[in-house]
Amino acid sequence: MKDPFAMLPVKSRTPSSTGILDQWVTQAQRLIGARGERTRWVLASTIVAAALQRAHMHDGTPLFVVKGGVFIERALDLRARATKDLDTLFRGAVAEFERTVDSALAEPWGVLEIKWRRSSTPARTPIDRRPRRISGCEISWTWS
């Protein structure tokens with residue numbers, strides 16, 4: 001399938017304010033024919049996924065693998081699935097999950113800063129298989 005984002009014009013500069021970034025996202029949404037806030041969600045989740053990819057094992061293998069709805073939506077077509085979460089597989093020890101997320105998201109992504117908060121984990125699953133949630137991710141500007 002054709003990537004709907006491939007037809008977007010390449011920007012030769014970084015947006016100088018949140019207002020300009022918001023305008024660019026709104027224009028992109030119109031160009032690709034997306035509904036609602038899908039373009040903003042795809043952009044935000046792509047940034048978080050890319051930041052998580054900074055975490056590697058000693059051999060260079062990424063500790064986080066993106067899977068599920070966002071991956072399918074981005075790989076196939078913007079309208080493939082309406083999802084509001086970012087599913088990843090963490091290839092590390094459960095005890096290292098939060099430290100690894102903290103480390104991966106601590107460094108800004110360009111001019112963007114990513115903040116997250118911990119959420120509760122389901123109690124009925126075995127400890128070694130319990131899903132860990134990164135909830136409340138927020139992407140904000142940093143100014144120099």
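Assorted remarks:
- Of the residues making up the range 1-26, those that are at pLDDT 80 or above and either of a type in the set (A, V, I, L, M) or surrounded by 13 or more Cβ atoms within 10 Å (Cβ to Cβ) (or both) are 7, 8, 10, 15, 20, 21, 24, 25.
- Subset of the range 34-53 [at pLDDT 85 or above and either farther than 30 Å from residue 95 by Cβ or surrounded by 16 or more Cβ atoms within 10 Å (Cβ to Cβ) (or both)]: 47, 48, 49, 51, 52
- Filtered residue count, the range 24-60, keeping only those that are hydroxyl-bearing (Ser, Thr, Tyr) and within 16 Å of residue 116 (Cβ to Cβ): 2
- Restricting attention to the range 54-103, the residues that are modelled with pLDDT of 80 or more and among the basic types (Lys, Arg) total 3.
The values are calculated or read from the model by the stated rules, or taken from the named source; none is laboratory data. If you're wondering where the values come from, they're calculated on a predicted model, not measured in any experiment. Every residue, glycine as well, gets a Cβ built from its backbone with ideal geometry; the counts of neighbours run over all protein chains shown.
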